[in-house]
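Peer 1: Below you'll find the structure I mean.
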Amino acid sequence: MTRTVYWTAEQLDELRQHYPTTRTADLANDLQIPLARVYSKAMALGLRKNDTFLATSASGRIHRGGLLGVQTQFHSEQTPWNAGLKGWNAGGRSAETRFKPGSKPHTTMPAGSYRINKDGHLQRKIGEASGANHKRWRNVAELLWIEANGPLPAGHIVIFRPGMRTAVLEEITHDRIECISRADNARRNHPSNKIARACAPGAA
């Protein structure tokens, strides 16, 4: 909690007289008032450092030809340590932690593994092909249909029959799935058709 500071008339006079030409930290020490409070009061009173003070090294500013910060400044005759190097080859130890050609993340799952994707479908990993995710993972329902019927016709997908969707491997059977065109699937999932099915007699 910040304590309240009550300024005396003498302190205010000293602040007005010396603020323009004195380091604020030194003035705060002389007045025995927290530095932040001195800055705040000076701002409230419209006090500013004068040009003479700002031209000195005491102001903390870097001036052309001055010595402040000269020890850490770059000089035109210096050569950067990474001259001639680019990007990841610019030195350091980054090479020790880079992925090597052919290496895989520790989270990589082997072919034959199962997972449930963000849409809730059970999928099986079918290979290690690079590129899009579908080259490595396929829905189990789709793989089951292809196994029995061959490649999917163009523009078609494998879906669960209404009310039969599941992500349990043993429950994904031929009687639960069907292959339909994407156009038919879009019609089935149109909001008006969903409402009609929900209102149909016997709908749960």
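The values are calculated or read from the model by the stated rules, or taken from the named source; none is laboratory data. Keep in mind the model is a prediction, meaning the values are calculated, not measured. When we count neighbours, we look across all protein chains shown, and the Cβ atoms used for this are built from the backbone with ideal geometry, even at glycine.
Peer 1: May I ask you to say which residue of Thr52, Thr4 is exposed (fewer than 12 other Cβ atoms within 10 Å of the Cβ) and at pLDDT 85 or above? Write out each step before concluding.
Peer 2: Working: Thr4 fails: at pLDDT 85 or above.
So the residue among Thr52, Thr4 that is exposed (fewer than 12 other Cβ atoms within 10 Å of the Cβ) and at pLDDT 85 or above is Thr52.
Peer 1: Does any residue in region 18-30 that is free of Cβ contacts under 8 Å to residues at least 40 places away in the same chain come within less than 7 Å, Cβ to Cβ, of a residue that is among the aromatic types (Phe, Trp, Tyr) and surrounded by 14 or more Cβ atoms within 10 Å (Cβ to Cβ) six or more places away or on a different chain, and which pairs are these?
Peer 2: Pairs that qualify, where the first residue is free of Cβ contacts under 8 Å to residues at least 40 places away in the same chain and the partner is among the aromatic types (Phe, Trp, Tyr) and surrounded by 14 or more Cβ atoms within 10 Å (Cβ to Cβ), are Pro20/Phe53; Thr21/Phe53; Thr24/Tyr39; Leu27/Tyr19.
Peer 1: For region 119-204, list the helices (runs of 4 or more DSSP H) that sit wholly inside it and hold at least 1 residues that are modelled with pLDDT under 90 and either among the aliphatic types (A, V, I, L, M) or at positive phi (or both); which are they? Reasoning before the result, please.
Peer 2: Values: elements: 140-149, 182-188, 191-199.
The qualifying helices (runs of 4 or more DSSP H) are 191-199.
So that you can scan it fast, the table gives a plain yes or no per residue for (1) farther than 23 Å from Lys104 by Cβ; (2) in contact (Cβ under 8 Å) with a residue 12 or more places away in the chain; (3) exposed (fewer than 11 other Cβ atoms within 10 Å of the Cβ); (4) among the β-branched types (Val, Ile, Thr):
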{"site": "His121", "(1), (2), (3), (4)": "yes, yes, no, no"}
{"site": "His134", "(1), (2), (3), (4)": "no, no, no, no"}
{"site": "Trp137", "(1), (2), (3), (4)": "no, yes, no, no"}
{"site": "Glu142", "(1), (2), (3), (4)": "yes, yes, no, no"}
{"site": "Gly150", "(1), (2), (3), (4)": "yes, no, yes, no"}
{"site": "Val158", "(1), (2), (3), (4)": "yes, yes, no, yes"}
{"site": "Pro162", "(1), (2), (3), (4)": "yes, yes, yes, no"}
{"site": "Ile172", "(1), (2), (3), (4)": "yes, yes, no, yes"}
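Peer 1: Within region 139-175, track down each residue that is within 12 Å of His121 (Cα to Cα) and of a type in the set (S, T, N, Q).
Peer 2: Asn139, Thr166
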